[in-house]
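Student: To start, I am sharing the structure in question, which I have written as structure tokens.
Just so it is clear, none of the values below were taken in a lab; they were calculated from the coordinates. Bear in mind that the values here come from a model prediction, so they are computed numbers and not experimental data. All Cβ positions, even for glycine, are placed from backbone atoms using ideal geometry, and neighbour counts span all protein chains on display.
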2 protein chains.
Amino acid sequence: MVSMKAIETIAEMKQARRALAGPVGFVPTMGYLHEGHLELVKRAKKENTTAVVSIFVNPIQFGPKEDFQKYPRDIPRDLAMLESVNTDFVFLPQAAEIYPPGFDTWVEIGKVTERLEGAARPGHFRGVATVVAKLFNIVGPARAYFGQKDAQQCVVIKKMVKDLNMPLEVVIVPTVREADGLAMSSRNVYLTPEERRQAAVLYQALTLAQGLYVQGEREASRIRQQMTALIQKQPLARIEYISITDTEILEELAIVKAPALVSLVVRFGTTRLLDNVVLE
Amino acid sequence: MVSMKAIETIAEMKQARRALAGPVGFVPTMGYLHEGHLELVKRAKKENTTAVVSIFVNPIQFGPKEDFQKYPRDIPRDLAMLESVNTDFVFLPQAAEIYPPGFDTWVEIGKVTERLEGAARPGHFRGVATVVAKLFNIVGPARAYFGQKDAQQCVVIKKMVKDLNMPLEVVIVPTVREADGLAMSSRNVYLTPEERRQAAVLYQALTLAQGLYVQGEREASRIRQQMTALIQKQPLARIEYISITDTEILEELAIVKAPALVSLVVRFGTTRLLDNVVLE
């Protein structure tokens, strides 16, 4: 058995990459891993010769008032989890390695980044696209794996790869959920026990939307209305947005036409929880 | 002898690339080739197993009032010239192949694109960086070759490659000049015979700057003054800018400190001529 190798510098990662034959599957993460991440790694491992995971809490995708400083971190636990699914390489660069003094190049994606999370978090997707482009260039994957939970991120990364002709495939993996349906997220750790209990309502609302759609409801406003009513029964839940869009450029739909993305953000205190389903 | 292969689609270019072993040297051009381009190809050929040249007049790097439509084109002549220097592949995509409907991803480089040509041509370097990033992803070169004549473009591309960790080396090749010193450029064809005669003054002014520097002059304003006086002796010449900057972030210098980039743009009618020298 060959054990997992941890790498901290870009030069070493590039060197390790050059020594690899066969396709590399890559899973970029911000660490504090959960079952959802491990699903991505398992897919990467199954479909490629080598699986590379990066752990990097990317400062440029956080707004000035966001949770960059307090974003949860636990590298020893992450490494043990990654080893358990036979990860080959873990890339853990320092911020100064990724953004040296004078760094000044950005990947900007237009319209699809201006909506939903992009509207709520200005500059967020510019930060995501830029770091992902860099990581792709460093790791040189044949396939990169992202979780459907961050639906808009999936759309943005796919668009970047297509528009810039990046030589890799983006693979989207279904959301992994807790027993009560809550989508796994590193940020769930911010929830108090009572918030955590009430947070199950996100998936209930998405399931409701799916049910209404299956029953023939096509008016987006009516679906949103019923989701809103359901979520508002939880006293600690604050709806930030409920959105029904197409799945390509994320334009709001008045009349639902499959495939459609139903996505929502609900706040509990200062914690923003995201989730989505696709109506097929 | 294997003859040169011309390729028009991205899919075919990527497929051809995958079949190549050994390093690829890449020369991106806008066609209407001259000796300067052929120098780049010769270097690419010498330092790599395979030389790929692209010919693509990139619409997004031209401003709305610029010369995109009338930019000179002569593909048959270009192909003959490229064959004469043993080019392996010529990539000639259509604009709709590079920018399909909905294209919306951009590579933006900050400060170094805001000055000089970036100030004179807003959006120009965004267009250059974006197409070059795409071409790099399509062609997958180990080395890419650019002419020193477009000095700021060289700085911008090097910065992009460094900041985004692109897995290739940028090679800058000295400017090739006509007998009277005029830098070779596809746009020289726009000049009337009289303008062409007077255009030799650009290189004379740069040579003057170099001479003054060698003699100990360090005041940038005095060097610019003497260059201005020399150029103004040519009645058809209109100076757009004369600039003396560092060679990394292109900040104007009051006191010249090597290495410094002396660059200038002089207009003859509507034709903008660029040139530069580096004071070492």
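Student: Please list A:255-267, B:185-197, A:48-60 highest first by mean number of surrounding beta-carbon atoms within 10 Å per residue.
Tutor: Details: A:255-267: 18.2, B:185-197: 15.8, A:48-60: 21.2.
Going from most to least packed, we get A:48-60, A:255-267, B:185-197.
Student: Given the protein assembly as shown, what percent of its DSSP beta bridges are antiparallel, to the nearest 5? Could the numbers behind the result be given before it?
Tutor: Details: 47 of 85 bridges.
Of those bridges, close to 55 percent are antiparallel.
Student: Something else: Can you flag which of B:111/B:162; A:45/A:70; A:14/B:158; B:70/B:111; A:162/B:14; B:5/B:158 are past 24 Å Cα-Cα? Write out the running numbers ahead of the final one.
Tutor: Working: B:111/B:162 15 Å; A:45/A:70 31 Å; A:14/B:158 18 Å; B:70/B:111 30 Å; A:162/B:14 13 Å; B:5/B:158 29 Å.
With Cα atoms farther than 24 Å apart: A:45/A:70; B:70/B:111; B:5/B:158.
Student: Express in whole angstrom the spacing between the alpha-carbon centres of region A:1-79 and region B:255-280.
Tutor: 45 Å
Student: Can you tell which of A:112, A:95, A:188 lies farthest toward the positive end of the dipole of region A:70-214, using +1 and -1 charges on the Cβ of basic and acidic side chains (Lys, Arg; Asp, Glu)?
Tutor: Farthest along the dipole direction, towards plus: A:112.
Student: Considering only DSSP beta bridges whose two residues both sit in chain A, what percent are antiparallel, to the nearest 5? Don't skip to the answer; put the middle values down first.
Tutor: Values: 21 of 40 bridges.
Bridges in chain A that DSSP calls antiparallel: roughly 50 percent.
Student: Additional query: Using a cut-off of 18 Å between alpha-carbon atoms, which aspartates and glutamates can reach residue B:42, once sequence neighbours fewer than 8 places away in the same chain are excluded?
Tutor: Partners within reach: B:78, B:83, B:88, B:169.
Student: How many Cβ atoms of partner chains, on average, are near each residue of A:106-113 if near means within 10 Å of its Cβ?
Tutor: On the way: counts 8, 8, 7, 3, 5, 2, 3, 2.
That average works out to 5.
Student: For residue A:123, which inter-copy label distances result when the label point lies 7 Å beyond Cα on the Cα-to-Cβ vector, reported in nm to one decimal and in ascending order?
Tutor: Spelled out, the distances from residue A:123's label point are 2.5 nm.
Student: In debye, nearest 20: dipole of region B:148-243 around its Cα centre with unit charges on the Cβ of K, R (+) and D, E (-)?
Tutor: Working: 13 positive and 10 negative charges, 23 e Å.
Roughly 120 debye, rounded to the nearest 20.
Student: Please report how far the C-alpha centroid of region A:183-233 lies from that of region B:134-198, rounded to the nearest whole angstrom.
Tutor: Taking the Cα centre of each part, region A:183-233 and region B:134-198 sit 55 Å apart.
Student: Would you work out if region B:5-173 is rounded, prolate or oblate? Take a ≥ b ≥ c from the square roots of the eigenvalues of the alpha-carbon gyration tensor; rounded if a/c is under 1.5, else prolate when a/b is larger than b/c, oblate otherwise.
Tutor: Here region B:5-173 falls in the rounded category.
Student: If you place +1 on the Cβ of every Lys and Arg and -1 on the Cβ of every Asp and Glu, how big does the dipole about the Cα centre of chain B come out, in debye to the nearest 20? Mind showing how you got there, number by number?
Tutor: Details: 34 positive and 32 negative charges, 11 e Å.
Once rounded to the nearest 20, the dipole reads 60 debye.
Student: When Cβ neighbours within 10 Å are restricted to other protein chains, what is their mean count per residue of peptide A:128-137?
Tutor: Whole-number average of other-chain Cβ neighbours for A:128-137 is 3.
Student: Normalised by the number of residues in chain A, what is the relative contact order in percent for Cα pairs under 8 Å and 6+ residues apart? All intermediate terms of the calculation are to be shown ahead of the outcome.
Tutor: Values: 490 pairs, mean separation 47.6, N = 280.
Taking the mean separation of contacting Cα pairs over the length of chain A, I get 17 percent.
Student: Placing the label point 7 Å from Cα along the Cα-to-Cβ direction, what are the distances from residue A:240 to the equivalent spots in the other copies, shortest first, in nm to one decimal?
Tutor: Those separations, rounded to one decimal, come out as 4.5 nm.
Student: Moving on to the next point. One decimal, nm, shortest first: give the distances between the label point of residue B:94 and those of the same position in the other copies, each label point 7 Å from Cα along Cα→Cβ.
Tutor: Ordered by distance, the counterparts are at 5.2 nm.
Student: In addition: What trypsin sites (Lys or Arg not before Pro) in region B:198-245 are in a loop by DSSP, with at most 16 other Cβ atoms within 10 Å of the Cβ? Numbers along the way, then the final one.
Tutor: Values: sites: B:218, B:222, B:224, B:233, B:238; in loops: B:218, B:233.
Passing sites in region B:198-245 are B:218, B:233.
Student: In region B:38-98, which GluC sites (Glu not before Pro) are in a loop and have at most 16 other Cβ atoms within 10 Å, using DSSP for the loop call?
Tutor: On the way: sites: B:39, B:47, B:66, B:83, B:97; in loops: B:66.
Those that pass, being in a loop and sparsely packed, are B:66.
Student: Taking only DSSP H segments of four or more residues, each worth -39500 (n - 2.57), what value at 222 nm results for chain B once the sum is divided by all its residues, to the nearest 500 deg cm²/dmol? Spell out each step's value before the answer.
Tutor: On the way: 10 runs with 103 residues, N = 280.
After summing the helix terms and dividing by the residues of chain B, the value is -11000 deg cm²/dmol.
Student: Looking at region A:1-108, which trypsin sites (Lys or Arg not before Pro) are in a loop (DSSP not H, G, I, E or B) and have at most 11 other Cβ atoms within 10 Å? Numbers along the way, then the final one.
Tutor: Working: sites: A:5, A:14, A:17, A:18, A:42, A:43, A:45, A:46, A:65, A:70, A:73, A:77; in loops: A:65, A:70, A:73.
Of the trypsin sites (Lys or Arg not before Pro), the ones in loops of region A:1-108 whose Cβ has at most 11 other Cβ atoms within 10 Å are A:65, A:70.
Student: Within straight cross-link reach of residue B:65, meaning Cα distance under 17 Å, which aspartates and glutamates are found once same-chain residues fewer than 8 apart are removed?
Tutor: Within reach: B:117, B:240.
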